[in-house]
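The values are calculated or read from the model by the stated rules, or taken from the named source; none is laboratory data. If you're wondering where the values come from, they're calculated on a predicted model, not measured in any experiment. Every residue, glycine as well, gets a Cβ built from its backbone with ideal geometry; the counts of neighbours run over all protein chains shown. Ligands, DNA and RNA are excluded from the accessible area calculation, which covers all protein heavy atoms including side chains. Shrake-Rupley method; radii C 1.70, N 1.55, O 1.52, S 1.80 Å.
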Amino acid sequence: MSMRLLILGLLMECERHPYEIRQTIKHRNWNECFKLRDGSLYYAVDQLRQDGLIEAAEVVSVPGDNRPDKTIYRITDAGKASFQDLLHAEFKQNSYPQHPVFLTMPFIRHGDPAKVEALIVIQLADCEARIERMTAVLQLKEGIIPRGSELMIRGFIQFGETEKQWLTTVLADARSGALFAEHVKPKDIDE
């Protein structure tokens, strides 16, 4: 997800400080769905401000020595137009599977079978835990969150279920040794 879209979308709802943006993301469990780093969040806020897409709505003094003032941001008219462009651009993106294990598959036969199996077990457990957390979130928030947010969570769960099935197959192949076998015979190009 575009960090710019995420920030602008949250500022479409109300004025926020970057820390509040971060907390909203965590409160809504979006950190389960997207890789978000605090540094990139603050950098994006700075860039959006420089580009005139957001502006300071209020600056609050923070007591204490060497403490920076707290700047609350709001979206500008240019930011609202940019939000629309970013929103539509996201819909035009093609999805490509990007599971971190995918890149290892062509070379897996050269790996240490015991270590690879142990790592697949960890991937599978992490996947199952994510599905469980997001299912709990959906049960807790269903009916009280916007429909788009509900569909995002449902989509994440469904992708997770597919990932779980795939990892289960990979684990079975690792345990049987099939994952580490050389290709039986290359197919002839003319066939």
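Can you tell me which residue is least open to solvent (accessible area, probe 1.4 Å) among those in segment 149-168 that are within 11 Å of Glu128 (Cβ to Cβ) and touching a residue at least 60 places away in the same chain (Cβ under 8 Å)? So the residue we want is Leu167.
Residue-wise test of (1) open to solvent by 30 Å² or more (accessible area, probe 1.4 Å); (2) assigned to a helix (DSSP H, G or I); (3) more than 30 Å from Thr135 (Cα to Cα).
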| site | (1), (2), (3) |
| --- | --- |
| Arg4 | yes, yes, no |
| Leu10 | no, yes, no |
| Leu41 | no, yes, no |
| Ala57 | yes, no, yes |
| Asp65 | yes, no, yes |
| Ile72 | no, no, yes |
| Ser82 | no, yes, yes |
| Glu90 | yes, yes, no |
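Inclusion of Ile25 among residues that are more than 26 Å from Leu138 (Cβ to Cβ), surrounded by 10 or more Cβ atoms within 10 Å (Cβ to Cβ) and among the hydrophobic types (A, V, I, L, M, F, W, C) is not warranted.
For segment 92-119, the candidate set comprises residues that are of a type in the set (D, E, K, R) and either in contact (Cβ under 8 Å) with a residue 12 or more places away in the chain or more than 28 Å from Ala172 (Cα to Cα) (or both); within that set, the residue that is surrounded by the most Cβ atoms within 10 Å (Cβ to Cβ) is Glu117. All told, Thr135 falls short of being farther than 15 Å from Cys33 by Cα, at pLDDT 90 or above, assigned to a helix (DSSP H, G or I) and within 27 Å of the chain's Cα centre (by Cα).
The set of residues from segment 138-148 being part of a helix (DSSP H, G or I) and open to solvent by less than 80 Å² (accessible area, probe 1.4 Å) comprises Leu138, Lys141, Gly148. In this entry, Arg16 is excluded by the filter for residues that are in contact (Cβ under 8 Å) with a residue 24 or more places away in the chain, open to solvent by 50 Å² or more (accessible area, probe 1.4 Å) and over 27 Å from Gly155 (Cα atoms). In this structure, does Gly79 turn out to be under 20 Å from Ile21 (Cβ atoms) and either acidic (Asp, Glu) or touching a residue at least 60 places away in the same chain (Cβ under 8 Å) (or both)? Considered against the rule, which asks whether it is under 20 Å from Ile21 (Cβ atoms) and either acidic (Asp, Glu) or touching a residue at least 60 places away in the same chain (Cβ under 8 Å) (or both), Gly79 comes out as yes.
Taking the condition under 24 Å from Tyr19 (Cα atoms) and of a type in the set (D, E, K, R), does Glu161 pass? When the stated conditions are applied, Glu161 does not pass them. Please specify each residue of segment 120-131 satisfying the condition of being open to solvent by 50 Å² or more (accessible area, probe 1.4 Å), within 13 Å of Phe159 (Cα to Cα) and either of a type in the set (Val, Ile, Thr) or free of Cβ contacts under 8 Å to residues at least 60 places away in the same chain (or both). Selection gives Glu128 alone.
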